[in-house]
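Report on the following structure.
Since every read-out is calculated from the coordinates, none of them should be taken as a lab result. Because the structure is predicted, anything quoted here is derived from the model rather than measured. Virtual Cβ from ideal backbone geometry, glycine too; neighbours counted across all protein chains shown.
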Amino acid sequence: MRNLFTPWRYAYLSGGRREKGCVFCTAARSRDDAASLVVHRGRFNYIILNRFPYNNGHLMIVPYTHHGDLARGTPAQLREMLVLAARCEAVLKRVYRIDGLNLGMNLGSPAGAGVLGHLHLHLVPRWNGDTNFMTVVGGTRVTPEALEATRAKLAPHFRAPRRRLAARRGRKPGARRS
C-alpha cells in the first residue's frame with residue numbers, strides 16, 4: 001500500500017487553527033504575495049490559490065472590498081472579476097493543459113460557503129478522467145503538487161500578458177491611465 005502525504009489538508013480536515021479575521025482581507029493587505037499565495041493583483045480584485053485545493057491550480061478571484069453579496073459589488077469590480085476569470089482560463093490551459101474549468105460561488109452558509117462574508121469566485125481546473133478511485137472509495141483527493149510550486153508556475157503568466165498589453169498601448173507596465 002502507498003501512502004499519500006498531503007500535510008496541508010490536515011489543518012482543513014481537522015478544523016485546525018483558525019485565523020482571526022477574514023482570510024481574504026488578510027491576503028489583500030499582505031505585502032508578501034508568495035506567502036499569501038496571491039498570483040496576481042488587479043485594480044478591484046486579486047487572484048489567490050485555494051489553500052485547500054480541489055485540484056492543482058484551484059484559483060479564487062477575490063474583491064479587495066469585504067462583502068458577501070454579488071449585489072453589493074460595483075459594476076467595475078464585477079466586470080474585472082469576469083475578465084480575470086477569462087485570463088485564468090487562458091493561463092491554466094497554457095500551464096496545466098486543462099480540458100475544462102468549473103467556476104462557482106457559494107453565497108451563504110447553506111450554499112456551502114467556507115468563508116462567510118467575503119465574495120469570491122472559485123476556478124477549479126478539470127481534466128478528462130480526473131475523477132479517480134480515491135475520491136469514490138476513500139473520500140480523499142490527491143493533489144500531487146505543493147501550493148508553492150503551483151504559485152511559482154502560475155504567477156509569471158499573469159505578469160507577462162499585462163506587460164505586452166501595456167507596451168502595445170505605448171505605456172510602461174503598471175502605469176495608470178489618465
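Structure summary
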read-out	value
Inter-probe distance in nm under a simple model that places probes 7 Å from Cα toward Cβ, at Ala111 and Asp69	1.2
In Å, descending, principal axis extents of the Cα set of the range 22-168	45, 39, 26
Extension reserve of the Val83-Arg29 stretch, reckoned as 0.36 nm per residue once the Cα distance is removed	17.2 nm
